[in-house]
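Scroll down for the structure; my scribbles are underneath it.
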Amino acid sequence: MKLVIIKKRLLWFCIIFMVIIASAGGWYFINQENEAVFKQAEKARVIHLVTGEFSSELPDGTKIESYRWDPGTIFLQAGEKVQLAIQGINGKEHPFMIENTNIKGTIKKGEETTVPLQINEEGVYRLICLTHTDNQHEGPMIAYIVVD
Ligand SMILES: [Cu+2]
């Protein structure tokens, strides 16, 4: 009879011990995950841009317009990890490339396009819209990425 009581106590001890271990493990796992998410968010700085449009009318009624990236100049540190978050506001589509990189894509109206970017070499890199390249094509839609 006494032996049974000891066994029960041992069983309870084991159950409580396992619950403590499991919850400690769970706590560690949850915190570790949060930390990983935080570190990731900390790593890449997000720079928000939008596609905009200037439009006007000449005295004879002719409409003139120009598409723009806004802001038109952004600054990065060499080697810095950033994410360009580009929101399409004006203009249906803007296929783009970043000069001297292999980065290209398309910004669509009503959508946000995320462009991971890390440039190690100092310089000025132009973000060029391939549709609105100059003032004959409702541009120039060029933003300047200054890396130093
Ligand atoms: Cu464009």
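Here, each number is a calculation from the coordinates, and none is a lab measurement. Remember, it's a predicted structure, so these values are computed and weren't measured experimentally. We place every Cβ from the backbone using ideal geometry, glycine too, and count neighbours over all the protein chains shown.
Find how much the distance from Lys109 to Ile16 grows on full extension, using 0.36 nm per residue of separation minus their present alpha carbon separation; answer in nm with one decimal. List each step's numbers first, then the result.
On the way: separation 93, 0.36 × 93 = 33.48 nm, distance 5.75 nm.
Answer, rounded to one decimal: 27.7 nm.
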**Message:** Suppose R0 equals 41 Å. What FRET efficiency, 1/(1 + (r/R0)^6) with r the Cβ-Cβ distance, do Ser55 and Ser23 give to the nearest 0.05?
**Reply:** 0.10
**Two-decimal Rg to Rh for the stretch 54-130 - Kirkwood Rh, Cα set** = 1.06
**Request:** Would you please give the FRET efficiency between His48 and Asp134, computed as 1/(1 + (r/R0)^6) with r the Cβ-Cβ distance and R0 = 35 Å, to the nearest 0.05?
**Result:** 0.85
**Complete:** Plugging the Cβ-Cβ distance of Asp148 and Asn102 into 1/(1 + (r/R0)^6) at R0 = 25 Å yields, to the nearest 0.05, a FRET efficiency of 0.70
